[in-house]
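The values are calculated or read from the model by the stated rules, or taken from the named source; none is laboratory data. Every value quoted in this text rests on a predicted model; they were computed, and no experiment measured them. As a convention, Cβ positions derive from the backbone with ideal geometry for all residues, glycine included, and neighbour counts pool all protein chains shown. What goes into the accessible areas is simple: the full protein's heavy atoms, side chains included, and nothing from ligands, DNA or RNA. Shrake-Rupley method; radii C 1.70, N 1.55, O 1.52, S 1.80 Å.
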Amino acid sequence: MSFNASSNRLRIVIAASEAVPFSKTGGLADVAGALVKSLGQLGHDVVLIIPDYFPMRRSANGIPPVDETGIQVTIRMKDRPVTATVNWSAIPGTEARVLLVRQPEYFDRRQPYGDGNGGFQDNCERFCFFSRVVPEICRQMVLRPDIIHCNDWQTGLIPALLNSQYAGTSGFARTATVMTIHNMAYQGRFWHFDMPLTGMPWRYFNHHQMESWNELNLLKTGLAFADQITTVSPTYAEEICTPDGGYGLDPVLRDRHADLTGILNGIDDVAWNPETDPLLPTGYTLDTRRAGKSRCKAHLQHRMQLPCFDEVPVIGMVSRMVDQKGFDLVMESAERLLNRNVQMVFLGTGDPYYEQMVRNLANRFPEQVAAQIGFDESLAHQIEAGADLFLMPSRFEPCGLNQMYSLRYGTVPVVRKVGGLADSVVHYDGQLASLETANGFVFTDYSVAAFAETVERALETLENETVWDRLIRNGMTRDWSWTGSAGHYLDVYRRALERVSDRRFEGRV
Ligand code: ADP
Ligand code: GLC
């Protein structure tokens, strides 16, 4: 079969462990929600399947009604049957259906993956269950998907199930799987005695399929069995094939290099539109950005209890507080940067060590630094709009969405040259020629000196109104929407479908 994905309506099931507006801890949720929308707008029949973290959903805003489907799925988890009910809802503004897997014991939690004490003890069981429910839902609801698109380790078991117990069964004969890596640092590694939770026979627990360093590895499982693999930026696709970026799985990725594609995430340009954003005190466009941003800045300073001075540059950061994000560079440079007349605003949650460091900084410099520890959607939008500079000095960054949000909101990003940051931020090197495309500041070495110098250069450039205006214009006018990226996913789906037709019912080994 030769499939022309661009001219055929595909039946696509996307499985993810979080998606806006139902649940969110980071970029995966934004991507899952927006990709579903965008593929739907391109005319495809899309169903998103996610766990129902009921307490989280109940406290989220803008959730459409959730109705019962009447479908129940029972899976044998080791020696006990566990049942989920399947409810359905929609992504606002689209026809795409969302199926919510409700299993109170596993998913009625305020956080999807863990609490202050680390990951939940039963994560392997919870997400093996979720992964096993997905094909069962497809079967019971007769979805007959062309593609099951899996995201991160929480859904890594699905391609293995499709290639073993579901191979050639009714409704799946032509189903291809795609595995997207959002972050190699999280692999879903569990001790080998968890293998029975997967429902896969022990013979798959080998170095080519589900095992890595004597452990069960659910991301590796997905990479070994999926028909195609993607990750969320072209640069990250190269980085993860090296020992530095591969976190032990680089040999697997080198082996499957021909099936690996890097596709830069887009942004949901309805949710993240400075003109219509309901979370801002005022909307603004490219033409009205001066007045608009200055009002947003005053509002932010007031909200964060900082002195309200328009001429003082505000440096913002919104981030999970984990090693990946470069908080150590920011903390070690902070005093040097605060010698200047600047303010810093932090929003984040994560590692208690970084949370405390940021709190301490705010306590030491109450006139210049404000921090909110926690998750706050409205403040995230208000920082993107009200800040002058946005920091992302990541150690590694598969894609990163905040730099694209800040570019769209006319806030100039300072980023490290890694992953998707390298693919979206163009450095201003002080030369006139670079102003054609430059939209931010980029440094390479992971060092306090390189980071602090780059922020200082950005602050000096800010004083040159013409240059600064041009950087903002370049950022605000580039198309960051999902349309292009969704087209690249369709190409990948086509390749995956071609592989299925070649494979017949044998399964990838
Ligand atoms: P990652 O997925 O690695 O956390 P991304 O840049 O891809 O990084 O996406 C992070 C997403 O999570 C963005 O939408 C960002 O605004 C949001 N976010 C992160 N931390 C917070 C927070 N504390 N409060 C609100 N939104 C947050
Ligand atoms: C991960 C990555 C981030 C990426 C996001 C969405 O959480 O850390 O860089 O933008 O997934 O793909």
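How high is the relative contact order of the range 289-479, in percent, counting Cα pairs under 8 Å that sit 6 or more residues apart? That works out to 20 percent. At q = 0.13 Å⁻¹ the log10 of I(q)/I(0) for the range 18-130 amounts to -0.51, computed by Debye summation with a single uniform scatterer per C-alpha, solvent ignored.
Averaging 1/r over every pair of different alpha carbons in the chain and inverting the result gives a Kirkwood radius of 23.6 Å. Shown for the range 69-132: the carbon plus sulfur share of the solvent-accessible area, taken with all protein chains present and a 1.4 angstrom probe, equals 45%. Once you have the Kirkwood Rh of the range 167-270 from its Cα pairs, apply Stokes-Einstein at 37 °C and 0.692 mPa s and quote D in µm²/s. Calculated translational D: 223 µm²/s. Assuming charge only on the beta carbon of Lys and Arg (+1) and of Asp and Glu (-1), the dipole of the range 193-255 about its Cα centre is about 220 debye to the nearest 20. Could you work out [θ]222 nm for the chain from helices alone, using -39500 (n - 2.57) per DSSP H run of at least four and dividing by all its residues? Round to the nearest 500 deg cm²/dmol. The helix-only estimate for the chain comes to -11000 deg cm²/dmol at 222 nm. The stretch between VAL467 and THR169 holds 101.2 nm of extra length on full extension. This uses 0.36 nm per residue minus the Cα-Cα distance. Label-to-label distance for TRP202 and HIS257 is 3.7 nm, based on points extended 7 Å past Cα in the beta-carbon direction.
Within the same chain, lysines fewer than 8 places from LYS325 are excluded, and of the rest, those with a Cα less than 25 Å from its Cα are LYS24, LYS220, LYS297, LYS417. Accessible surface computed residue by residue for the chain, with neighbouring protein chains in place and a 1.4 Å probe, gives 40 Å² per residue. In the range 289-479, the C-alpha radius of gyration followed by the widest Cα-Cα span (Dmax) gives 15.0, 44 angstrom. Mean separation of Cα pairs under 8 Å and 6 or more residues apart, divided by the residue count, gives the range 60-204 a relative contact order of 20 percent. Surface composition of the range 289-479: carbon plus sulfur atoms hold 47% of the accessible area, using a 1.4 angstrom probe and ignoring ligands, DNA and RNA. The order of HIS299, HIS381 by accessible area, most exposed first and with a 1.4 Å probe, is HIS299, HIS381. Compared with the dominant Cα axis of the chain, that is its longest principal axis, helix 448-462 is turned about 60°. Annotation: the antiparallel percentage among DSSP beta bridges lying fully within the chain is about 30. If R0 equals 51 Å, the separation of the Cβ atoms of PHE365 and LEU432 corresponds to a calculated FRET efficiency of about 0.90. Taking every alpha-carbon pair under 8 Å whose residues sit at least 6 apart, the chain reaches a relative contact order of 14 percent.
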